[in-house]
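The values are calculated or read from the model by the stated rules, or taken from the named source; none is laboratory data. The structure displayed is predicted, hence computed values, not measured ones. Glycine gets a Cβ as well: all are built from the backbone with ideal geometry, and neighbour counts include every protein chain shown.
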Amino acid sequence: MRRMNVRVLWRSDEDDEIFTIERKTAMSEKALTRRSFLAGSAGAVALAGAAGFMGFGAWEQAHADSRSTAKTVTTAHSLCGGCSSKCGYTAYVSDGKLIKQLGDEGHPYSRGKLCARGYGYANIAYSEDRLTDPLKRNAQGKFEKIDWDTAISEISDKVKSIISSSGAKALALVHDPRPSGKYYGPRFMQALGSANVYTHGAACYLSRTSGFKQVVGGGWTSDVAHSKMTMFIGRSYADGVRPSQVADIEAAHANGADLVIVDPRLNSTALFATEWVPIKPGTDLALVLGMSNELVRNGRYDADFVAANVEGFEDWKKAIAPYTAEWAEDVCGVPADKIASLAARMAAAAPACSIEPSWRAAFGCQYANSGETARAIAVFNSLLGVWNQEGGALFLPSVKAGALDQGKFPNPPAVSEKAYGLSDLPLASESSALSVAEGARTGDIKGVFFYNSNMVAGYQNPTYLGECFDKLDLCVVIDVLMSETAQHADYVLPECSYLERFELPEFVSASTPVVSLRDQVLDVIHPNTKPVDEIFTLLANACGVGKYFDFTVEELADAQLRTVGLTLDGLRASGTQSFPEKAFVYGTTPKFGTSDGKVHFTSDACAKAGYPAAPIWTAPVADGGSDELRLIGGKQAIHCHNQSVDVAALMNITKDYGLERVWLSSEDAAARGISDGDTVHISNAQSDGTVKVHVTERLAPGCVWMPSHYGCAVPEQKNAYKVGLRQMDFVPFRIEPGYGGACTQEAFVKVEKVG
Amino acid sequence: MARYGMLIDTTKCIGCFTCRTACQRQNGLLDDEAFIRFETRESGKYPNVHVETVPLQCMHCDDAPCAQVCPTGAAHMGEDGIVQVDQDRCIGCLYCMAACPYQVRVRNSKTGSVDKCRFCTVSAYTSGTKMCTCVEACLTGARTFGDLDDPDSEISKKIAETGAAPIAPGLSKPKIYYVR
Amino acid sequence: MMDSAAVFSVLSRCFVEGEQAEWDELTAPTAWADFLGGARQMLQDTHDLAERAPRGSRRISGCHLRDVLSESELKALAVPPTFAAHDEFARTHFTGGLPYSAVPVESLYCKDDDRRDPLEPNRGLYLGKTADYMRDLTTSLGLSIPDEFRACPDHLSLELDLIAVLLRSGMAAQAQTLVVERLGWLTDYRMKLIGLNEEAANFYISLVDMLVCERAKFTEASDEEDERPRAVAKR
Amino acid sequence: MSFTPIWGVPIALYLFLAGLGGGAFVTAYCLRRTAPGQAESTRRFAHYAAFIVVCIGLAMLMLDAKAGFFHPQRFFLLLTNFGSWMTWGVVFLVLFTLADFIVCILDLTKHKTPEWLEVFGVIFGLLVAVYTGALLATPHAFPLWNSAALPILFLVSAMSTGAALVIGFAAIKRPEEFKAMEWVSDAHYWLPIAELVLVFFLMWVTYHNGEAGANSVLVLMVGQYALAFWLGFIIIGLVLPLIIESVGRFGKKESRGMTACADVCVIIGGYLLRWLIIVAALPVTLVVPAMF
């Protein structure tokens, strides 16, 4: 066998005429071994190229020198992906790497600042744990890479078969709304003819918004910065960080506002608070009733406002008569005189005061009485006539994109029925994702798409949810990392990170409403990952509903912006554009979003749903044994639920400061012989685990506080795997009747010292 | 010749770690390399509890104990009163880490050499280009940076106004003043 | 008998998902025997990679396949996996985001680089410094990175392919520099493959061992005389 | 919030071995003075042992100084800042190792080493032993280190471990020479006592030197390192050798085996002393770190 050899006669540059003599051989496999990824069929370097070679050391030296000189730095206005606030910021990129991030002054949520997650989470783009290709679960249950075409066609076949066998109502989408996701996902489902679109609301704000809806038609924003007094029930601006809110509360503190924290835990906002009112978890309703009772008993409420705007005041007044401050003291542990003083101070500060609407904490979805607590709070604010008053509670305006040309952007026909399970939740303001779990268990739901949602890990009991979704015929997860939910999926479609995608304009409600844009900051790193708009467009085409997606995301964005008098290029340049003509004006009595535009202290819908017509006392359902403690959770400023725990920059903070530790009051710790730094065993019927404990004076006895980010059970997320415990593991599956909340803190656990 | 220093108002520090991650972004630090560390102090008994978070970073001491003990001269007092560590001279003997009374020097897990806060915000202060440094990124504006030798600078006035003082007396002559 | 360039080309095909036709052609009995012969000859070759032995080249200790690979690895090497098996292995292990991912990209495994580049994201992240280097190197040589390798210019297949290209272009000394500088992470990657504890991984482990052994030949040599490779090139 | 020590076993070994080397060399010189010509092979052993032991220590230092390990040329920069004990330490170490090396060469070639050379070696041997303590004592961030007792304690421990090494060797390998080493054995008997006193003094002073000092002592005496401190260092390192020596000295039979065993304990104690002092020290910080 002749050796194929390449002889090079290397002459000095002047007479470089002879370069390569190459012996041609007949064997085709020789040709194969010549073909190269880099140099194509030539398989060799042109002579000119040869001089370009540089060893790593030399390159590093040259590279370092070139790095110090001004490199081309590109900037782009975009929206942070660290949490759902989506703060506007400017990204500075050099040589494909993010070197600087500055919050945009004009954006109402960032106001020129980003938080710890904004900077840390950006490293997700280069993470080793990222999904790089579409995956399919093979026969042995392991995931393996498949190409996009096969994935899309197999998924669309399953979708079509489900539709033909049980109709489009057997399909569902669960998503955590993101600028493009909240348009493309629901549009895809509507195009298929399914109304089953769900958000993460059931594990976040559903009970709260539903309760407010019954009384005043929806949520509000407290004008904290200008308030004389604001009460925070469970909500902590310094833990669930949004830069604008931190600035507001700091301004209020500087102005000497009376800022009260009602929370079993003295959270990080303690710094700005004038008073901490520790309370027995799940009994905020009692406190609010006690205060309301005080207001009415002393006649210290805005009678004119009530007379003009409130329905059912008399019935409500009769109903809450027995719920005095003294009664409340036994239930929630807050002394009666304290309740009276809080009510008096609120009355004195009115109308420049309010109870902050909160977000997830305390009554977003925590207890079986969260919906009723929300109603009572809306009633309390109404008593003081704080709506749209300076320093009170504001219904801020927002701008929506107008209708689009139906030729280019045809809307799919509306779907008549309601989302699956919504009829069982008459009081819910929107569908509850927990209905999907029930539907999957009973077989009504056969196919589910998850976009940007790790439902199994966070919405309710992971084991239970996992079992439900294992029964599905089709489970598709679209995400950036493998997640607990993806572990139950048949197909996993890799999305590129938020830094690599352009998304639709985000209309933000604020005192001066704005529209902001998530522009693309980095080129798509992994070629096989796609942004959400492309993914759903591919799926739609494959499922035969492509005609509703026959446009690019830029065209759609530009069209949406033109309906409000802007252009895409204009918004790209500025990042955030405000609508001064729509700015909020104090003092205008709002048109409440209820059926008749009035405030309802009593609600027939609630009565029909088995709740008292007026929001009076409803107890949380879970009850613990004598030595058991209620398990409550909460956020930390460096994480966004379980989305950011795999990012090393943030997880290192957790490891440096032991932030995964659970908190135990010194009284409960002493009773169990536990001291700070010990390892404890936490257990109940659902789950058990060990974790280090932080014994503190900052927690009311009777409960154990567990940060709600940890306990990742996904080995792929190497930084997060097995760090700390997961609160949801200990929570039995339960849906709050009528409202649909996930009752995330209806669980008691036993805490024992280990060893 | 300026003498730069910083004022940190811990009554505004909510312990949100933004300064730590912003600094890592601005200076391209490793994920486990933090130039700022935090001490949290709880005092009082339930329910009257006072909470304080104190961020600590290189104080750029005028009599830098680290520079005194560094055998290779890597740690040295640079111009404008900013203590610098010459990464090409440091052998990673960690003696400066032992000498630093505030324990704010970190060893780079990849190169083994020691590094610390570089007062990088000085270029923002002098040139006006916006940077995501600890001073500019802090959500509550707890930090003020400036020239201690200039009586009219914001920091000098604030120190006079608030009576800010070093975090602990007698350890060294630090250039970070705390309002607590 | 295959020469070193062809051996590297074949190796570069083994660490990436390919087409059936190409794989069958590679692993056809004659071709594979040819490859093994070429590999054995390369490993035992006591000279530098440069075709022309430079003046007074020292004896480098060649290593034989037998003393490098264990029994099971030798067996795995003798019979290459069928296309179906290779495809299955590639589609479960050469893709990112899974617990059993073993994506052969240097940035994810490069160990201590001695100087910290302020803007280089940390180890365990794609597009590290070695990726930038491979991107700049290929462009300066007039070559181009194919789009499917956009996220990983320092993918093992590209590194091996570049070595083969350099050998074919008569730039053997540079090829040797690449072998020494760019394949250092394979010991780290080998542990990852072993961590999979899968029978199918033995084939790939044996290929990696072959490369580690080949590199070892030059690392002892190049440690003694740092200047050697460049001296040859300058001629 | 627990505190992770700055240095670990490599540096503890380095400090211990540097002291051991210095101590062995000094013991060799004492033999020259007190038992001239009667313990030559033991003296040779002491010189060789000192050289090897110090080299191992230096290797430990180079290994731990990772940035230097990657860039060996940077070690030459060590002689930049003469305000730093480490620079002086390098000077002493280099000179001591040089002297010891020359003495070893002379021993090997059976030449007689001039007394001035041995005295030169002894001076720098002592300086090396003291420098290891002074190195830690300078920074006042760590109360446990920042006390005058430390350099003297490290010096005494160096001499004690050095002597133990030499005597232990002689006891086993050179019984006849061992008998001639009366003076050195007597001196060696008192060293652990001095160490005990110094340790007590160090603990007492540090305990009253601020919260961090008190905590460092508590971590040593009742905390995480209590076992290593009491059993390892105090009992095995100091008290046991004292008992054995006392029995041997004031009792009836002088058994060489027991002496060798006591010497081994002293050496173990010497290492544990360095390791404990390094890992147990807590820094002066604002918030009292978790004690245990």
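Brief remarks on what is shown
- Residue A:382 being touching a residue at least 60 places away in the same chain (Cβ under 8 Å) and outside any loop (DSSP other than H, G, I, E, B): yes
- Per-region count, the range D:196-254, residues among the basic types (Lys, Arg) and either in a helix (DSSP H, G or I) or under 20 Å from residue D:270 (Cα atoms) (or both): 1
- Residues located in the range A:90-122, provided they are within 14 Å of chain C (Cβ to nearest Cβ), closer than 26 Å to residue A:247 by Cα and not in a strand (DSSP E or B): A:119, A:120, A:121, A:122
- Flag for residue A:736 being of a type in the set (Asp, Glu), in contact (Cβ under 8 Å) with a residue 60 or more places away in the chain and more than 22 Å from residue A:283 (Cα to Cα): no
- Within the range D:15-29, the presence of at least one residue that is over 30 Å from residue D:140 (Cα atoms), more than 9 Å from chain B (Cβ to nearest Cβ) and among the small types (Gly, Ala, Ser) is confirmed.
- Residue selected from the range B:152-173 under the condition away from chain D (no Cβ under 13 Å) and in a loop (DSSP other than H, G, I, E, B), by the criterion farthest from the chain's Cα centre (by Cα): B:152
- Qualifying residue in the range D:210-221 (condition: surrounded by fewer than 18 Cβ atoms within 10 Å (Cβ to Cβ), closer than 20 Å to residue D:165 by Cβ and free of Cβ contacts under 8 Å to residues at least 40 places away in the same chain): no
- Identity of the residue in the range D:41-96, among the hydroxyl-bearing types (Ser, Thr, Tyr) and surrounded by fewer than 18 Cβ atoms within 10 Å (Cβ to Cβ), that ends up farthest from the other protein chains (Cβ to nearest Cβ): D:41
- Elements of the type helices (runs of 4 or more DSSP H) sitting completely within the range B:1-102 and holding at least 1 residues that are within 11 Å of chain D (Cβ to nearest Cβ), within 25 Å of residue D:139 (Cα to Cα) and out of contact with any helix residue (DSSP H, G or I) (no Cβ under 7 Å at 6 or more places or on another chain): these cover B:65-69, B:95-99.
- Note on the range A:655-675: residues that are within 10 Å of chain B (Cβ to nearest Cβ) and not small (Gly, Ala, Ser) total 5.
- Any hit, the range B:117-138, residues being within 14 Å of the chain's Cα centre (by Cα) and within 11 Å of chain D (Cβ to nearest Cβ): no
- Test result for residue A:423, buried (at least 19 other Cβ atoms within 10 Å of the Cβ), among the hydroxyl-bearing types (Ser, Thr, Tyr) and under 18 Å from residue A:194 (Cα atoms): no
- Scope the range A:308-336; condition over 26 Å from residue A:277 (Cβ atoms) and out of contact with any helix residue (DSSP H, G or I) (no Cβ under 8 Å at 6 or more places or on another chain); matching residues: A:308, A:311, A:312, A:314, A:315, A:318
- Test: residue in the range C:117-132 that is modelled with pLDDT of 85 or more, surrounded by fewer than 21 Cβ atoms within 10 Å (Cβ to Cβ) and more than 7 Å from every other protein chain (Cβ to nearest Cβ): no
- Residue count, the range A:293-318 (criterion: outside any loop (DSSP other than H, G, I, E, B) and touching a Pro at 6+ places or on another chain (Cβ under 9 Å)): 3
- Strands (runs of 3 or more DSSP E) fully within the range A:432-550 that include at least 1 residues being among the small types (Gly, Ala, Ser): A:447-451, A:514-516.
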